[in-house]
Amino acid sequence: MTLTTRLKEQALELGFSLVGVASVEASAHMDLYREWVEDGRHGDMGYLAREDAVARRADLRGTLPSIRSAVVVGHEYFQEDPSGVPADPARGVIARYARGQDYHGAIKKRLLELHRWIEASVAAPVEGRVYVDTGPILEREMAVRAGIGWFGKNTMLIHPKRGSYFFLGLLLLDLDLDADAPFQEDHCGTCRSCLDACPTGALLGRDASGAPVMDAPRCISYLTIEHRGSIPVELRPLMGNRVYGCDICQEVCPWNETFAEPAEEEAYQTREGLDGPSLVELADQLLVLDEKGFRELFRESAIKRAKRAGLLRNVCVALGNWGAAEAVPVLVRALDDVEALVRGHAAWALGRVGTDQARESLLNPSRQETDGGVRREIADAISGAP
């Protein structure tokens, strides 16, 4: 067997379900990428627009000057939704990828082990770099080049026998390997399931070149994770009870409906408290934490990326969308939170509940609040403005 064949077998033995080798020529998609950034569709994610990062995305030699090949792996993470979720508006929905341990460590550990195996196999040092969603690399383009799948209309990479519930990892190598043939077919066809199901209209279909386009500032995953400020008022009701990330465009994809199977990887099993938690209980828990306590609670979870204020903001939005009187006491407590971001969204949520008790609870804060943005949220909530 060739080294490439043996390497692929070793990757599967390490637990990866998908593996391919990509060629490492310059990206063919940079004109589209730059246009996407210039249109502002990356939102607050400024790191996507930095010129040095754009240059490294265009050419992998900016990351590893001696690069000669790239190994691309897929690690499946699908988990079934807990009973009653997401249909129960009193419970929060967390994206499947974030219900277990942080995937970065689980994949990086295996890729480093694969790198050591390669060096032992060739009996020589091999320069390499491991990336798991942490560097300026167009991972999905590399995965297409490696023959793993195609870009779906939902911008996800889809495998014809696995669906799209998998993480991607890359091992860049100063070593010649046999590159796989790129994946050529587009199996989405005329299907519009993901486009029609996206609550906020973030998915814009394909452009003239056939590339899928997302308006990131409208995406629920972006709003609940990457966005640090106030969520646009017109988008809040469309978020439902999704408090961290969103799987809707994957849930309705026929390829996932047919092929997705629960992942066996222990690290991705749903942690206690992340299986559709009570919104009231989650808000109670977050309100007594400071940022240090939040980081400790979610130390081994991808959820820490949202930060305490961001996650509590999301929970307030979900409580407002639930609109039940049972949410009022915890939202009133949130009106005293140290973060203006939380106070403003708590006020909006109380306005959404709309009971006399909810609106009366806003009267004292309206006189005492010093933040102008929060005062506007309170005034709108009291008046019942949309």
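The values are calculated or read from the model by the stated rules, or taken from the named source; none is laboratory data. A quick note: this is a predicted structure, and the numbers were derived from the prediction, not measured. So basically every Cβ, Gly included, is an ideal-geometry build from the backbone, and we count neighbours across all protein chains shown.
Computed values, structure above
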quantity	calculated
Long-range neighbours under 7 Å by Cβ, at least six apart or interchain, first residue crowded, with 17+ Cβ neighbours inside 10 Å within the range 357-380, second of a type outside the set (Asp, Glu) and in a loop (DSSP other than H, G, I, E, B)	365/335; 378/362
Which listed residue is of a type in the set (Val, Ile, Thr), modelled with pLDDT under 95 and within 22 Å of residue 174 (Cβ to Cβ), from 24, 54	24
Odd one out for residue 289 among (1) in a loop (DSSP other than H, G, I, E, B); (2) not assigned by TED's automatic domain parsing to the domain that holds residue 326	(2)
The one condition in (1) surrounded by 14 or more Cβ atoms within 10 Å (Cβ to Cβ); (2) at pLDDT 95 or above; (3) more than 20 Å from residue 314 (Cα to Cα) that residue 343 fails to fulfil	(3)
Residues within the range 104-130 that are over 17 Å from residue 6 (Cβ atoms), buried (at least 19 other Cβ atoms within 10 Å of the Cβ) and modelled with pLDDT of 95 or more, tallied	2
Only listed residue being aliphatic (A, V, I, L, M) and within 24 Å of the chain's Cα centre (by Cα), chosen from 14, 32, 3, 7	32
Those residues of the range 231-252 which are in a loop (DSSP other than H, G, I, E, B) and touching a helix residue (DSSP H, G or I) at 6+ places or on another chain (Cβ under 6 Å), in sequence order	231, 240, 241, 245, 246, 247, 252
Residues within the range 63-95 that are more than 19 Å from the chain's Cα centre (by Cα), part of a strand (DSSP E or B) and either within 22 Å of residue 283 (Cβ to Cβ) or not assigned by TED's automatic domain parsing to the domain that holds residue 171 (or both), tallied	1
Residue 135 vs. criteria farther than 27 Å from residue 318 by Cβ, in contact with a Ser or Thr (Cβ under 7 Å, 6 or more places away or on another chain), assigned to a loop (DSSP other than H, G, I, E, B) and not polar (S, T, N, Q)	yes
Residue 180 vs. criteria in a loop (DSSP other than H, G, I, E, B) and in contact with a helix residue (DSSP H, G or I) (Cβ under 9 Å, 6 or more places away or on another chain)	yes
In the range 107-124, the residues that are out of contact with any helix residue (DSSP H, G or I) (no Cβ under 8 Å at 6 or more places or on another chain), in a helix (DSSP H, G or I) and of a type in the set (Gly, Ala, Ser)	120
Selection count where residues are surrounded by fewer than 22 Cβ atoms within 10 Å (Cβ to Cβ) and either at pLDDT below 95 or among the charged types (D, E, K, R) (or both), scope the range 237-261	3
Qualifying residue in the range 181-191 (condition: aromatic (Phe, Trp, Tyr) and without any contact (Cβ under 8 Å) to a residue 60 or more places away in the chain)	yes
Candidates 49, 87 - the one that is surrounded by fewer than 16 Cβ atoms within 10 Å (Cβ to Cβ) and touching a helix residue (DSSP H, G or I) at 6+ places or on another chain (Cβ under 8 Å)	49
The lone exception for residue 263 - which of (1) assigned to a helix (DSSP H, G or I); (2) within 19 Å of the chain's Cα centre (by Cα); (3) over 24 Å from residue 45 (Cβ atoms) it fails	(1)
Answer residue from the range 172-210, given it is of a type in the set (Asp, Glu) and under 30 Å from residue 116 (Cα atoms) and is surrounded by the most Cβ atoms within 10 Å (Cβ to Cβ) among those	180
